[in-house]
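For reference, the structure is listed below as structure tokens.
The numbers here are math on the coordinates, done by the rules we state, and not lab data. It should be emphasised that the depicted structure is a prediction, and the values quoted were computed from it without experimental measurement. In this analysis, Cβ positions are derived from the backbone assuming ideal geometry, glycine residues included, and neighbour counts consider all displayed protein chains.
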Amino acid sequence: MRQDLTVQQMSEDDDRSPPLDLRCGAAPSINRARNCSGEAVSGSGSSTSSSIPASVPVTVTEYQSQYPDQVLEIVLENVLQFLTSRRDRNAASLVCKSWWRAEALTRSELFIGNCYAVSPDRARGRFRRVRSVVLKGKPRFADFNLMPPDWGAHFGPWVCVLANAYPWLEKVYLKRMSITDDDLALLAESFSGFKELTLVCCEGFGTCGLAFIASKCRQLRVLDLIETEVTDDEVDWISLFPEGETCLESLIFDCVDCAINFEALEKLVARSPFLRKLRLNRHVSIRQLYRLMVRAPQLTHLGTGKYGPSEVAQRQGDTEPDYIAAFAACKSLVCLSGFREITPDYLSAIYPVCANLTSLNFSYATITADQLKPVICNCHKLQIFWVGVPCVIDYQCFEEIWVLKLILAVIMQALDSICDEGLQAVAATCKELRELRVFPMNAQEDVEGPVSEVGLQAISEGCRKLQSILYFCQRMTNAAVIAMSSNCLELEVFRLCIMGRHRPDHATGEPMDEGFGAIVRNCRKLTRLAVSGLLTDRAFGYIGKYGKLIRTLSVAFAGDSDMGLKYVLEGCPKLQKLEIRDSPFGDAALRSGLHHYYNMRFLWMSSCRLTRQGCQEIAQAMPRLVVEVIRSDDEEETDNYVETLYMYRSLEGPRHDAPKFVTILR
Amino acid sequence: MSPEKVNHLPESDTKLTLGLPGAGGECHRTKAGTKRGFLETVDLNLMSSSNDNKHCEENDAMASSKTPATKAQVVGWPPVRAYRKSAMKGSCKFVKVAVDGAPYLRKVDLEIYHSYQELLSALEDMFSFLTIRNHVNERKIIDNVNGVEYVPTYEDKDGDWMLVGDVPWKMFVESCKRVRLMKSSEAIGLGN
């Protein structure tokens, strides 16, 4: 977190006491220079037992002129090289000015959780020797069309400054940023030693931009494009990688939905001996996959393309490649994904690798529980499992026709049990499971889906080491959630999405308050929570009372009154990211967080009961908060209520690139 | 009915629908004060007990009850990324959409729409400066700001530029390679 950059926490005080491990017995009033020299004389900065008394003899002052602050700073710099965690570094930088400087010079990984919290110039001014940059832009709800396009988070201003400031930059990781082809061109040209580019949930560029990266970044080891939108400029970027052996270790482009030059890809893989991770897009057929696997048996992470025969008719007499042998040859394979447009007959090819798999992503594969079970029952080492669950029939229109509804309900009951069966198989085998994600294949809310509380209960009983769960379902019971809270005590992330809005416990008809209450009460390590279903203020009371470690909270269609939000803002001291939609929280609730907003990365509230005046009050009370009111279109709000509030702390004040549908309140 | 069979059928085949074409089973719950999208004036919702029923234009009758991914459903719910939604569909038909005079292209997946009306509404959302006005026999696309009229055209498999709307929807989806909203003044000689 960028807590170190908030004004009230920045240490301006030269005379602050040295930290505990540099205890030298000197009173704080002794000037820093002497303290520092004292330490230099004693040989190292790490001793806690050597105590130099306050009445230091004259020799110290002699040393003082020969060993100025630079000595300590050099010592510090050498020690701080070993400090890698950014939270530790933030803490170290607050000790005193000297430590602040030394830390700034030695920080090589720059993490900026909100690209608008600090300007590129300010970042460059403080950190001089950065080799790796992580930048995050839009808030997460932008992924669900809750924010108009062109809101901002442009990489352009950053890449210009980075290009000038850090010619030795090696790694860039961007999440939810808006990037142009020109940005990528500048990046490719500016950093001769550039090694790793990872783009997650980004947009704004095309294969043109990729071409720049491929052709100019000769030291490239990692090119990972994850859930990023890439327009098809009809440029053959794959063939632009340099000739000869490459440094490539990871090439992930499953989201690049453009046809690629397969011959060029095959040659690229053949000349990339260090390649460990390869994720293909759906334009690569299973036959082509075979050819790649044969060339790269050293792969550890493989994402298949289209997992089935291509439309191109095979010549008569063409034998099917031996897919099983190809998989068996990949002895190091631990992570499998892809399986798009799957022909289930080909699933058996992966059996040889199941025993070694630690990560399996079937979330794009339309398979049944019966097809899943033979795979899963071999995956004893599985730690991460993502699966998509098909939703079958939409019979909402039969509300009125009770006979048909009854028949369908019976069928659905049968199908329900079949898909919960898949999860039961997981629960029976995957004792090492740490992360589970169950996605809906047909993401509509009024459709009956075939996983339910039965699946969740089974997982909670079988996978006791579970740390992270994302579970979409149509219906749920408090009992199953409570069971998970008592069985899975390692849970850090609990995200339950009951897709039908305001759905109560379908067995008891009660709100889902007790279930979520049990989660926050029993799961002592919980840092991320997403709630759903019918929830009253009581649920938020539990969250405020027990959710002391929660950093990220996601709320949708929940709560009764302002009290709900108040409980959370007053009760959760570690809260950093709060995203709320369609919940009846108003200005009074917003006011109750004034004490905390500078400690947060952002607050998002859309379709709640906030008025413009209410938001204005916050903006006036907190000058270092940027308070954005976002309309969904160009017209003025007809309501009294603000459609979307997005506010975040920032050292820079209102941004200059806000589009016209954004109003920044002062 | 075996599960395998059901899973392999395209979605529209597994939907059992009754009622007039265009009957959507889903609720159209929208919050108070939300601007109504154009699309909502088109949906026929016989089964809903809400008093938001509107009339349906006959040439926009939808064979299936699938609700288009614009304003008729609650936006962004359930919270599944568009990327995942389209990836799970299996096949998709992405085409570029260009608007004369606009500096950026957009891509749309034609397979998620079921009619020209749905497509045009989606374009209205994407290019927010445009409005679609329905006249008696044709639709007009108009720039809000300067009143310039656009004509939706597309390039087909043979490389010819055609007017959008001339052929049945499914035929259009199959043959369309890209879409261009051409200024009316330039669209001479297309169509009849």
Quick note, the range A:163-290: a/c under 1.5 would make it rounded; otherwise a/b > b/c is prolate and the rest oblate (a ≥ b ≥ c, C-alpha gyration tensor); here it is oblate
Magnitude of the charge dipole, the range A:190-230, Cβ model with Lys/Arg +1 and Asp/Glu -1, debye to 20 = 360
Which translational diffusion coefficient, to the nearest whole µm²/s, is obtained for the range B:94-155 from the Stokes-Einstein equation, given a Kirkwood hydrodynamic radius over C-alpha pairs, 37 °C and 0.692 mPa s?
-> 268
Over 22 Å between alpha carbons, listed pairs A:LYS138/A:LYS566; A:LYS138/A:LYS306; A:LYS97/A:LYS138; A:LYS306/B:LYS93 = A:LYS138/A:LYS566; A:LYS138/A:LYS306; A:LYS97/A:LYS138
What's the center-to-center distance, using Cα atoms, between the range A:291-312 and the range A:597-620 in Å?
-> 49
What is the sum of charges around A:GLY303, taking Lys and Arg as +1, Asp and Glu as -1, for the other residues whose C-beta is under 9 Å from the C-beta of A:GLY303?
-> +1
Within a Cβ distance under 11 Å of A:ALA270, other residues only, what is the Lys/Arg minus Asp/Glu net charge?
-> +1
Interchain or long-range residues, amide H under 5 Å from A:HIS154's placed H = A:SER178
Taking 0.36 nm per intervening residue step and subtracting the Cα-Cα distance, what contour gain separates A:ASP236 from A:ASP121 on full extension?
-> 37.8 nm
Amide H contacts under 5 Å for A:GLY303, restricted to residues at least 5 apart in sequence or on another chain and with H modeled in the peptide plane, are A:LEU278, A:ARG279, A:LEU280, A:SER337
Spacing of the two label points (7 Å from each Cα toward its C-beta) at B:THR131 and A:ARG128, in nm = 5.9
Once you sort the root eigenvalues of the Cα gyration tensor of the range A:185-237 as a ≥ b ≥ c, which label holds: rounded (a/c under 1.5), prolate (a/b larger than b/c) or oblate (the other case)?
-> oblate
How long is the range A:81-207 along each principal axis, judged by its Cα atoms, biggest number first, in Å?
-> 44, 34, 22
Note, A:GLN467: beta-carbon cut-off 13 Å, +1 each Lys/Arg, -1 each Asp/Glu, net +4
Treat the count of other C-beta atoms within 10 Å as a stand-in for reagent exposure and order A:VAL130, A:VAL200, A:VAL555, A:VAL626 from fewest to most.
-> A:VAL200, A:VAL130, A:VAL626, A:VAL555
Note, ³J(HN,Hα) from phi for the range A:524-539, Karplus 6.51, -1.76, 1.60, rounded to Hz, x at Gly and Pro = 5, 9, 5, 10, 9, 9, 10, 10, 6, x, 6, 9, 9, 4, 4, 4
Placing one equal point scatterer on each C-alpha of the range A:469-528 and summing with Debye, one gets log10 I(q)/I(0) at q = 0.12, 0.17, 0.21, 0.23 Å⁻¹ equal to -0.25, -0.51, -0.77, -0.90
May I ask you to list the residues of the range B:97-117 whose amide nitrogen lies under 11 Å from a point 7 Å from Cα along the Cα→beta-carbon direction of B:ASN146?
-> B:101-102
